Amino acid sequence: MASILEDFRHEVTSVLGAKNSNLIRTHDKNFGSTGDFSFPRLDNKKVWGHPGDLSENDLEDALKKVESMKILRLSHGEKSVYLWIDRQCAFRKYFSSNFPLKKESQLESNHVVNKQDSDKKDLTCERVNIYSDMLQKMLSKVPGSASTLKCEVGTKKVLDKSDDVRYISVGPVLGQNGKKESTSLDEFFRKVYDALESQDCERRDESENESDRETRLRALTKAQIRFMLTSSVPSAQVKLDLTGRSAVFLLYNCARIVQILYSFEESVRDGVYPPINEENIDFGLLDTQEEWELFFVYILPYTDVLLEAVHMGKLHKIPLHLIGLSNCLSRY
């Protein structure tokens, strides 16, 4: 299943008579001055080669044929053409359509993910296990995967690629000395747990009982270790850093969102707000740059990130995308 962004890039590419949709650049900042998308001017012979039938003067009328997202206006710069899309139309199209992800139980999955070198208790093997679990979950959730796909995740370097089996090579976990970390998973878990517990002493709710606190800290520790081991390219080496708090920051922002949604639903039940439906949503109220950044940079391309993770093995982009989303939400 193609995403809205992918459909848009392919449509614009087709209008321009190009073969490579990578010429359509998606922006992640400076939307006011450089638009949401851009591509090289049509008179750039180095990029486009021989001039086609479409001229700069006819470009605006030609781009009106694009249906996936309505183009509001365009501007001809010195080297590029900049496009601004109709934000309200983009919001409405995205949120009115069914979200493409499905519950795991709703998709029949014949995919097989085998783990190599996963029976040991060191951190490199744990990294293999985490990436394997991520891939298995994504294969069962993301539409567009092959009906049957065999994958292997391990620490070996595979030079001969097979059409039947997709192999993801996982790099080692290094200690502070730059050598492969020999600390066991249980020992490292305790180190991270102790570091989080020390920081938590200053911020904890004094009314929280010790059993609940331990459960919460263990969940944070597990999440933090997963982020440490998966936030870089799978094949790259990972150097441990106990100062990072990415997972804690992410879960904090997740809790904020959950609380906002819970409070809203409670207010709906109490009759303070009407239930949400397509007719009573005014997307024109979402008019700040921060709101557009949240939607355009993080929410809209999320499906693309998952598809890229599954089909190209770029599993590290999932935690990085979530951290970027959390930073953006925190600023907002």
Query raised in the report: Hey, what angle do you get for helix 123-141 against the long axis of the chain, alpha-carbon based, 0 to 90 degrees rounded to 10?
Result: 40 degrees
Query - GNM result for the chain, Cα springs below 10 Å: residue of TYR131, TYR302, TYR262 fluctuating most strongly - result: TYR262
Requested in this report: Could you tell me how many degrees, from 0 to 90 and to the nearest 10, lie between the Cα long axis of helix 4-16 and the main elongation axis, the longest principal axis, of the Cα atoms of the chain?
Outcome: 30 degrees
Query raised in the report: Can you list the GluC sites (Glu not before Pro) in region 25-98 that are in a DSSP coil and have 14 or fewer other beta carbons within 10 angstrom?
Result: GLU56, GLU67, GLU78
Query - Debye, to nearest 20: dipole size of region 288-332, +1 on Lys, Arg Cβ, -1 on Asp, Glu Cβ - result: 200 debye
Query raised in the report: Taking the structure as given and computing Rg and Dmax of the Cα atoms in Å, which label from (i) 23.5, 72; (ii) 33.1, 110; (iii) 19.0, 55 fits?
Result: (i)
Query raised in the report: Taking the Cα centre of region 174-282 as the origin, how large is its charge dipole in debye, to the nearest 20, when only Lys and Arg (+1) and Asp and Glu (-1) carry charge on their Cβ atoms?
Result: 860 debye
Query raised in the report: Which listed residue (HIS10, ILE281, TYR252) has the Cα farthest towards the positive end of the charge dipole for the chain, taking +1 on Lys and Arg C-beta and -1 on Asp and Glu C-beta about the Cα centre?
Result: HIS10
Query raised in the report: Mean separation of Cα pairs under 8 Å and 6+ residues apart, divided by the residue count of region 231-332: what relative contact order is that in percent?
Result: 44 percent
Report summary line: Order by accessible surface, 1.4 Å probe, largest leading, for residues TRP292, TRP48, TRP84 comes to TRP48, TRP84, TRP292
Query - Under the Karplus curve 6.51 cos²θ - 1.76 cosθ + 1.60, θ = phi - 60°, whole-Hz ³J(HN,Hα) for region 242-250, x wherever Gly or Pro sits - result: 6, 7, x, 9, 4, 5, 4, 5, 5
Report task. Take the chain, connect every pair of alpha-carbon atoms lying under 10 Å apart with a spring to form a Gaussian network, then pick out the residue of LEU196, LEU285, LEU320 with the largest mean-square fluctuation. Result -> LEU285
Report summary line: Taking every DSSP bridge whose two residues both lie in the chain, the antiparallel percent to the nearest 5 is 55 percent
Report task. Ignoring everything but the protein chains, give the 1.4 Å probe accessible area of HIS10 in square angstrom, nearest 10. Result -> 100 Å²
Report summary line: If one compares the long axis through the Cα atoms of helix 317-331 with the longest principal axis of the Cα atoms of the chain, the angle in degrees, nearest 10, works out at 80 degrees
Report task. Considering only ARG25, ARG87, ARG245, give the residue with the highest GNM mean-square fluctuation for the chain, with springs between Cα atoms whenever their separation is below 10 Å. Result -> ARG25
**Report entry** Surface accessible to a 1.4 Å probe, per residue, for the residues of the chain, Å²
**Finding:** 60 Å²
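The values are calculated or read from the model by the stated rules, or taken from the named source; none is laboratory data. Computed from a prediction, not measured in an experiment: that's the story for all the values here. We place every Cβ from the backbone using ideal geometry, glycine too, and count neighbours over all the protein chains shown. Just the protein is used for accessible areas: all its heavy atoms, side chains included, with ligands, DNA and RNA removed. Shrake-Rupley method; radii C 1.70, N 1.55, O 1.52, S 1.80 Å.
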